[in-house]
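The values are calculated or read from the model by the stated rules, or taken from the named source; none is laboratory data. Only a predicted model underlies this, so the values are computations on that prediction, with no experimental measurement involved. With ideal geometry, Cβ positions are generated from the backbone for all residues, glycine too; neighbour counts draw on all protein chains shown. Note: areas computed on protein heavy atoms with side chains; ligands, DNA, RNA excluded. Shrake-Rupley method; radii C 1.70, N 1.55, O 1.52, S 1.80 Å.
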Amino acid sequence: MEQIHEPFNISVTELDHWEKRNRRNNFFELVYILKGKGKQCVNYNQVPYQEGSFFLLPSSDCHLYDITEATTFLFIRFTANFFSSDEDCVIDFGKWFCRLNFIIGNYNRLPGELISNDTDKQHLVHLLELLMYEKQRNDPHTRRIMQSTMVSILELIARNMATALPLQPLYEEKKFADLLLHVQYHLLDEEMITPQFLSERFHIAPTYFSEYFKRNAKETYQEFILRSKLKLAEAKALYTDIPFKEIAYDLGFTDSSHLNKMMKRFYNKGMSEIRRSAMADVPA
């Protein structure tokens, strides 16, 4: 497993060929192409890149670059601990991770470019420049500025992804697909995912909401919320070293035993088994 030993790292690298690495990593990676052309290959899927391309690689994904024209990469590598390990951090880590998990959970449905809106891409470039500036400056304010900047970057990604996803409908009714995206995006904002709030926002009669949801999702709303929180718990087990009792508390479970019981019931594996699997190497 390829690892970084600090929670955040940013670097610019120019390459004319890529040394293949068939091993997983413990970090997330944002990649911005400053110049050059080629293909990004992630888990055997190939996506063309050029100047201005922007990608996110989830932790543990095996990847390489097929470089056809000398390429200058801007790599931003970070672990979830970049946000969770600082008691003085002004970021709500739980909600931030929910946004990150929203991106990861939908990434395979939207391979390739993360930012499709031209104005958002311009904002992204400015935010990347700010990160590089702060990395060099490195004063007592740097960490908070970089944390806030990373949150802004991920919000831009999430917004572009949420805009694009309805074009890839999994459900016949677009309104229902939009409702599910809303719930996934605001999973930890309890007031924004109550049946009452959703009924009003999506123009569904409150007395009809439960029937409407089950007819479209083939499961109850309560079951959908539980499964969504369990997937978030799984991501935290895979991508962080947060204690299970803290994960359980953040997601509204009684305790870590209750979380573990639900995880085994729905996915036939416990939290410890999930976390151990994150440390296993991908076969060469």
Condition first: modelled with pLDDT of 70 or more, more than 19 Å from LEU232 (Cβ to Cβ), buried (at least 18 other Cβ atoms within 10 Å of the Cβ) and among the basic types (Lys, Arg). Can you find one or more residues in the stretch 16-28 that meet it?
no
Among residues belonging to the stretch 99-134 that are over 15 Å from VAL31 (Cα atoms) and acidic (Asp, Glu), point out the one that is modelled with the lowest pLDDT.
ASP118
Against the definition (open to solvent by less than 10 Å² (accessible area, probe 1.4 Å), under 16 Å from LEU30 (Cα atoms) and not charged (D, E, K, R)), how does LEU156 come out, yes or no?
no
Among the residues of the stretch 184-216, the number that are assigned to a helix (DSSP H, G or I) and at pLDDT 90 or above is 20
Of the residues that make up the stretch 228-236, is at least one within 22 Å of the chain's Cα centre (by Cα), at pLDDT below 85 and in a helix (DSSP H, G or I)?
yes
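Each row is one residue, and each column tells you yes or no for (1) at pLDDT 85 or above; (2) under 23 Å from ARG143 (Cα atoms); (3) open to solvent by 20 Å² or more (accessible area, probe 1.4 Å).
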site: LEU30; (1), (2), (3): yes, yes, no
site: ILE33; (1), (2), (3): yes, no, no
site: GLU69; (1), (2), (3): yes, no, yes
site: PHE75; (1), (2), (3): yes, yes, no
site: PHE93; (1), (2), (3): no, yes, yes
Mind listing whichever residues of the stretch 217-241 are over 20 Å from PHE266 (Cα atoms) and surrounded by fewer than 19 Cβ atoms within 10 Å (Cβ to Cβ)?
ASP241
Hey, LYS37 hits all of (1) modelled with pLDDT of 90 or more; (2) assigned to a strand (DSSP E or B); (3) open to solvent by less than 30 Å² (accessible area, probe 1.4 Å) but one; which does it fall short on?
(3)
Would you please list the contacts, defined by Cβ atoms under 8 Å and residues six or more apart or on different chains, that run from a residue in the stretch 112-138 that is within 15 Å of ILE33 (Cα to Cα) to a residue that is open to solvent by less than 70 Å² (accessible area, probe 1.4 Å) and of a type in the set (D, E, K, R)?
ILE115/LYS121
